[in-house]
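**Student:** Take a look at the following structure, please.
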Amino acid sequence: MSKWIKWLGWPIGIAILIVLGLRDGVGDVVHMLGRAGCALLWLVPFHALPLLLDAHAWRLLLARRASLPFLWWIATVREAVNRLLPVVGVGGEIVGIRLARWRVPDASAVTASVIVEVLVTIVVQYAFASLGLVLVIAMTHDVGAKTIGLAMLLSIPLPLLAIVLVRRGGIFHAIERFAGRLLGDSHTLLQGVDGKRLDADIDALMSRAGLLFRAFFWQFLGYASGALENYWALKLLGHPVSIGGALAIEAMTQAVRHAAFMVPGGLGVQEATVVLLAQTFGVDREAALSLALVKRGREVVFGCLALGSWQLAELVRTRSRIRAHAAPQAAHDAEAGRETERLH
């Protein structure tokens with residue numbers, strides 16, 4: 001089913017991009033981007049700030065067992081996997097768990113921290129989208145925004161159900177038992193899995209209200225700081241908006257993108273949302289599409305750098321393990337050779 005969703009999402013996203021390009025005029029957009037110049041490239045390193053704040057929230061849930069720079073690097077990889085690879089938005093978390101275990105061997109603690117972080121992120125997304133919705137209605141008096149608000153309200157039961165199920169406890173132990181009956185307890189996929197302990201670790205984190213609030217605060221701050229990308233880009237493009245407008249554009253774009261998870265990378269959906277919202281705040285169509293393309297370009301460049309660093313780290317780690325394994329064998333062979341020479 002996920003494969004069908006993935007392959008159907010590509011043509012939908014591409015079709016939206018083509019329509020936007022034909023409607024708004026590619027030539028005018030290219031001219032506008034050219035006028036803004038290389039200053040737009042500063043948006044790439046600036047994206048490190050929102051991810052740093054997000055990584056700090058994760059570090060709190062992980063009881064500071066790993067350094068902030070290391071978790072920030074993993075956060076860049078997680079985002080790149082989710083946004084640039086066809087994984088329907090969950091592959092980044094799996095990769096993140098694997099990478100975090102390089103420094104924190106406790107698989108249960110790492111997995112619990114990521115699961116709770118994802119639940120906190122869901123709450124942050126709803127709070128941030130609500131802020132954006134209020135700003136859109138207050139600043140533009142757009143009645144159409146109320147439809148988005150109604151859709152958000154109707155979707156709340158799903159994340160609430162997920163949180164209740166996790167908070168109730170025992171869900172991962174039940175999954176482990178079911179998988180054991182289905183695959184057999186000796187199956188390789190179940191080796192090292194302790195669903196009962198994972199449930200306990202999750203429950204321990206979920207029972208700490210102060211910790212969850214601090215994680216929420218830092219994640220929300222990360223989302224809000226990401227809105228400065230819109231403010232800065234539109235200023236460089238010659239069509240500045242207020243901080244409130246930049247926040248509203250970012251918040252509603254994030255909300256629509258997460259709702260359209262079936263479209264890989266939000267391709268086309270993100271661009272259409274940015275164009276629509278930017279126009280709502282008085283930005284002309286060419287500048288609005290330019291902003292959408294700038295955001296997509298930054299995402300691709302930053303994400304490719306993150307994926308490249310991940311592959312490089314994997315290569316270095318693999319070679320180090322091979323050398324570490326080969327050194328004792330070489331020493332053993334050398335000793336055996338010397339022993340042979342003595343015998344002769």
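**Student:** Determine the shape class of region 31-123: with a ≥ b ≥ c the square roots of the Cα gyration tensor eigenvalues, call it rounded for a/c under 1.5, and otherwise prolate if a/b is greater than b/c, oblate otherwise.
**Tutor:** The shape class here is prolate.
**Student:** Separate question: Using the beta-carbon distance between Lys235 and Val118 and R0 = 35 Å, what value does 1/(1 + (r/R0)^6) give for FRET efficiency, to the nearest 0.05?
**Tutor:** 0.55
**Student:** Using θ = phi - 60° and the Karplus relation 6.51 cos²θ - 1.76 cosθ + 1.60, list the HN-Hα couplings for region 54-61 in order, rounded to whole Hz, with x at every Gly or Pro.
**Tutor:** Per-residue couplings from phi come out as 5, 5, 5, 4, 5, 4, 5, 5 Hz.
**Student:** Run the numbers for Arg98 and Val30: contour at 0.36 nm per residue of separation, minus the present Cα-Cα distance, in nm.
**Tutor:** 20.4 nm
**Student:** In the neighborhood of Ile74, defined by Cβ-to-Cβ distances under 12 Å, what is the net charge if each Lys or Arg adds +1 and each Asp or Glu adds -1?
**Tutor:** Values: positive: Arg59, Arg78, Arg98, Arg101, Arg103; negative: Asp54, Glu79, Glu93, Glu117.
Net local charge, Ile74 excluded: +1.
**Student:** Add +1 for every Lys or Arg and -1 for every Asp or Glu among the other residues with Cβ under 14 Å from the Cβ of His56, and state the total.
**Tutor:** Once all neighbours under 14 Å are counted, the net charge is +2.
**Student:** Ranked from highest to lowest mean number of other Cβ atoms within 10 Å per residue, what is the order of the peptides 37-50, 72-85?
**Tutor:** Sorting 37-50, 72-85 by mean packing, highest first, produces 72-85, 37-50.
**Student:** Quick one: if you take sqrt(5λ) for each eigenvalue of the C-alpha gyration tensor of region 37-77, what semi-axes come out, biggest first, whole angstrom?
**Tutor:** 26, 8, 6
**Student:** For a Förster distance of 22 Å, can you work out the FRET efficiency between the beta-carbons of Ala204 and His258, rounded to the nearest 0.05?
**Tutor:** 0.20
**Student:** Oh, and also: Assuming R0 = 41 Å, what is the FRET efficiency of Gln279 and Leu85, from their Cβ-Cβ distance, to the nearest 0.05?
**Tutor:** Taking R0 as 41 Å, the efficiency between Gln279 and Leu85 is 0.85.
**Student:** Using 0.36 nm times the number of residues separating Leu68 and Phe217, minus their current alpha carbon distance, what extension gain do you get?
**Tutor:** 52.0 nm is the gain from fully extending Leu68 to Phe217.
**Student:** Sticking with this structure for a sec: Short version: ³J(HN,Hα) in whole Hz for each residue of region 101-110, in order, from phi by Karplus 6.51 cos²θ - 1.76 cosθ + 1.60 (θ = phi - 60°), x for Gly and Pro, what are they?
**Tutor:** Taking θ as phi minus 60°, the curve returns 6, 5, 10, 10, x, 5, 4, 5, 5, 5 Hz for region 101-110.
Read-outs throughout are calculated quantities, based only on the coordinates presented, and are distinct from any laboratory measurement. As the structure is a computational prediction, the values presented were derived from the model and not from experiment. We place every Cβ from the backbone using ideal geometry, glycine too, and count neighbours over all the protein chains shown.
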